[in-house]
Every structure is written in C-alpha cells, then in structure tokens.
Amino acid sequence: MNRINKIKVIFTLFLIISSFYAHSQSNVFKVTLDAGHGDHDFGAVYSGRIEKNIALAIVLKVGKILELNPNVNVIYTRKTDVFIDLVERANIANRANSNIFVSIHCNANKNTAADGTETYVMGLSKVASNLEAAKKENSVITLEKDYKRKYEGYDPNSPESMIGMTLMQEEYLDNSITLATKIEENFEKLGKKLRHGGVKQAPFMVLHKAYMPRVLVETGFVSNPTEGNILNSEEGQDDIARAIAEAILSYKREYFGSGAEATESRPVRDTTPAKPKTTTPVAVAKSAPKGTFFKVQLIASIKKTPLEPKNFKGLKNVTMIYENNIYKYFYEETSSYETAQKFLQEAKSKGYGAAFLVATKDGEKINIQDAIK
C-alpha cells in the first residue's frame with residue numbers, strides 16, 4: 001500500500017471514530033447537581049442539623065445513582081465542603097451545556113411545626129411564602145465579594161426586585177415544571193415519611209442564571225424536629241435521593257429516550273392509595289387525526305407570539321396551543337419517529353437547544369417511549 005492510500009485509510013478511520021464519538025456524546029444526558037451552601041455558609045442550622053451537610057450528602061447520593069447509567073453524565077457544583085458563588089453554580093451548568101440543573105436545599109422556619117417538601121421553578125411569584133424562601137436562599141450572595149456589582153445591583157432582601165429584571169430563558173419553564181412535578185410525585189410516594197408540598201414558583205437567583213430546565217428542591221424543614229431528623233439520617237437521605245434520581249431518570253426517558261439504564265437502587269415505593277390513571281389532554285382541534293404523531297416542542301412562554309417564520313428563526317409550520325396559562329410552540333408533525341428526530345436536530349441547529357419531542361395518540365399526549373413502541 002503506497003503512502004497516499006495509507007493516508008486515505010487513516011483519514012477514513014479518523015472520520016469514522018470522530019463520527020462515532022460525536023454520536024455517543026450527543027446521546028449523553030447531562031445533569032448538573034448543586035448542593036446548596038457550603039464552607040462558611042452553613043445554611044439553616046437547628047439542633048445540630050446543618051443544611052449545607054445534608055444538601056451535600058443528598059446530592060452525592062443522587063449522583064451515585066445517576067452515574068450507574070452509562071448515558072448520564074453528572075456534573076457537580078461542589079463535592080466537598082466549599083463555598084461556590086451563586087452565579088458560578090449556574091455557570092458550571094451553562095459551561096457543561098447540561099440538559100437540566102437541580103439545586104438541592106433544606107427549608108427552615110421559625111415555626112418549628114412547618115414541614116413538607118417544595119420544588120421550585122423560576123418564576124416571578126408574588127406569594128409571600130415563596131418570596132420569603134427566595135429571600136433566604138438569595139441572601140447567600142452577600143457572602144460573596146463585590147456582590148452588588150456582580151449581581152447588577154440586585155437586592156437579596158427584596159426578591160420582588162427581580163420582577164423588574166428580564167425573565168430570560170422562559171422557554172424552559174414548561175420542562176422545569178415537568179421535572180419539578182416528577183420530583184414532588186416521588187416525594188408523595190414516600191408517604192408519611194415526608195409531606196410533599198407541591199410545585200411552586202419563586203425568583204431564585206441561582207435558577208435565574210441557569211439557561212436550561214432547572215429546579216430548586218427544598219427537601220424538607222430542618223427546623224422541624226421530626227422531619228429534620230429524617231433529613232439528617234442516612235435512611236432519610238437515601239429515600240430522598242432515590243426519589244429525586246428516579247424523577248430525573250423518568251424525565252430523561254420521557255424527553256431523551258431510555259438508553260441503557262440499570263440503577264442499583266430500588267424504585268421509589270408508592271405507599272399511597274392508587275389513583276385512576278389519566279392522560280394530559282393536548283389542546284388540538286376537535287378533528288384531531290387518528291393515529292400516533294410526533295412533533296418538536298420549541299418553547300413554552302407566557303407571551304403569545306405570531307406564528308410567522310421570522311419569529312421562530314426561520315422555521316415554518318410552527319403551531320401553538322395554550323395550556324395551563326402557557327403558550328406552547330411546536331415545529332412540524334409526523335408519524336415517523338426517524339423523521340421527527342431530523343426535525344428536532346433542525347430545530348436545535350437553529351438555536352433551540354432545549355427543544356424536545358412530544359407524542360400524541362388520537363389527539364392526546366402520550367409518553368415518547370410508548371409512542372415509539
């Protein structure tokens with residue numbers, strides 16, 4: 001074999017390996033886990049129960065479960081007792097181009113009877129209790145150097161001031177709510193161990209700066225003696241971590257495919273009475289075609305946008321539905337999963353990095369994996 005042919009063979013092999021590597025990387029689901037507080041920032045402290053330690057323990061347990069899955073890449077904002085600026089926590093996720101960002105904390109209240117989990121998505125809620133939770137977590141920035149310049153004059157004692165700021169990346173709201181709902185549903189399965197408090201919105205700075213679907217989980221109240229002891233126990237942390245990890249994997253299966261998943265943890269055991277299974281209706285015309293269809297969800301927004309290509313980076317055939325006070329915008333529709341994947345890649349190439357596939361059957365939304373089957 002002459003020198004030119006050898007070069008051609010080597011170049012061809014290089015292209016094949018590069019293509020395989022790129023394909024394998026594109027199938028990796030990236031999760032950034034953020035353990036709240038750290039080092040001199042203890043978070044809430046009650047009777048020896050320290051938020052920064054509990055949050056880190058739970059994050060490491062969640063990560064350990066997720067890392068058993070070959071198609072999941074876990075990024076940590078911290079794995080030890082160190083202090084990380086709020087904006088840097090979000091930037092770690094942004095630089096990694098993570099698919100989701102999950103920040104884990106513990107709650108606290110002067111009323112030691114207060115209990116229950118809460119999972120927050122970024123929002124400009126004016127509910128007093130939600131603002132108080134945001135105020136507590138956002139106050140961490142005062143421990144950072146030159147925080148007034150770094151956070152553009154934002155006042156952590158007045159989270160309402162964020163209402164005047166631009167709510168960036170609101171296209172991630174719908175996905176964030178889905179992830180938060182899955183986490184709270186798994187908390188509910190823990191039964192009497194923890195009272196689930198539901199999905200809420202609040203202006204958390206760490207969520208505001210992360211440009212992807214993101215949630216902040218308040219795993220319970222360390223100020224509550226009973227709940228605090230659960231949070232501070234190995235068994236309690238295992239249960240909470242399993243609930244969060246299973247929710248993340250469920251989210252991945254629904255929007256990014258199943259892949260090869262083999263977790264060593266047992267699934268979250270549902271200790272509550274079974275409820276009738278329902279499907280989420282999709283707001284489509286009454287004459288919705290029969291059969292299974294796929295389409296690309298581009299964004300979800302609180303704003304209504306005219307369905308013109310210039311408003312969607314040149315993409316045509318964009319449709320919209322209004323559901324749960326949110327406008328959802330979709331690109332194309334096809335009965336072929338392979339064709340739908342091509343549409344998805346096209347949307348991503350146009351800049352819709354958070355776009356994902358949704359499926360309907362006879363006009364009703366169904367799980368992607370069920371649709372493929």
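Karplus-based coupling profile of segment 308-319, in residue order and whole Hz: 10, x, 5, 8, 10, 6, x, 6, 9, 6, 8, 10, with θ = phi - 60° in 6.51 cos²θ - 1.76 cosθ + 1.60 and x standing for Gly or Pro. Once all protein chains are placed together, Asp85 keeps about 40 Å² accessible to a 1.4 angstrom probe.
Computed from phi, the 3J(HN,Hα) profile of segment 173-178 under the Karplus parametrisation 6.51, -1.76, 1.60 (θ = phi - 60°) reads 4, 4, 5, 4, 5, 4 Hz, with x in place of Gly and Pro. Using the structure shown, select from Lys310/Lys348; Lys252/Lys365; Lys30/Lys328 the pairs with a Cα to Cα distance greater than 19 angstrom. Correct reply: Lys30/Lys328. Rounded to the nearest 0.05, what FRET efficiency do Asn111 and Phe83 give with R0 = 25 Å and r taken as the Cβ-Cβ distance? Could you check? Once the sixth-power term is evaluated, E becomes 0.30.
Gain on full extension, evaluated as 0.36 nm per residue between Glu308 and Asn27 minus their Cα-Cα distance, stands at 98.0 nm.
With both labels modelled 7 Å from their Cα along Cα-to-Cβ, the Ser336 to Asp238 distance reads 5.0 nm.
Cβ-Cβ distance of Ile321 and Ser349, R₀ of 30 Å, FRET efficiency by 1/(1 + (r/R0)^6): the value works out to about 0.80. Note that segment 210-221 has calculated 3J(HN,Hα) couplings of 9, 9, 5, x, 8, 9, 10, 9, 9, 6, x, 9 Hz, one per residue in order, obtained from phi through the Karplus relation 6.51 cos²θ - 1.76 cosθ + 1.60 (θ = phi - 60°); glycine and proline are x. In this simple spin-label approximation, His40 and Asn229 carry label points 7 Å from Cα along the Cα→Cβ vector, and these lie 3.5 nm apart.
For Met320, the solvent-accessible surface computed with a 1.4 Å probe is close to 60 Å², ligands and nucleic acids excluded.
Give the ranking of Ser336, Ser47 by solvent-accessible surface, highest area first, calculated with a 1.4 Å probe. Working shown, then result.
Working: Ser336 35, Ser47 110 Å².
Greatest to least solvent exposure: Ser47, Ser336.
The values are calculated or read from the model by the stated rules, or taken from the named source; none is laboratory data. These figures come from a predicted structure and were not determined experimentally. FYI the Cβ positions are ideal-geometry reconstructions off the backbone, even for glycines, and counts take in every protein chain you see. Side chains included, ligands, DNA and RNA excluded: accessible areas come from the protein's heavy atoms. Shrake-Rupley method; radii C 1.70, N 1.55, O 1.52, S 1.80 Å.
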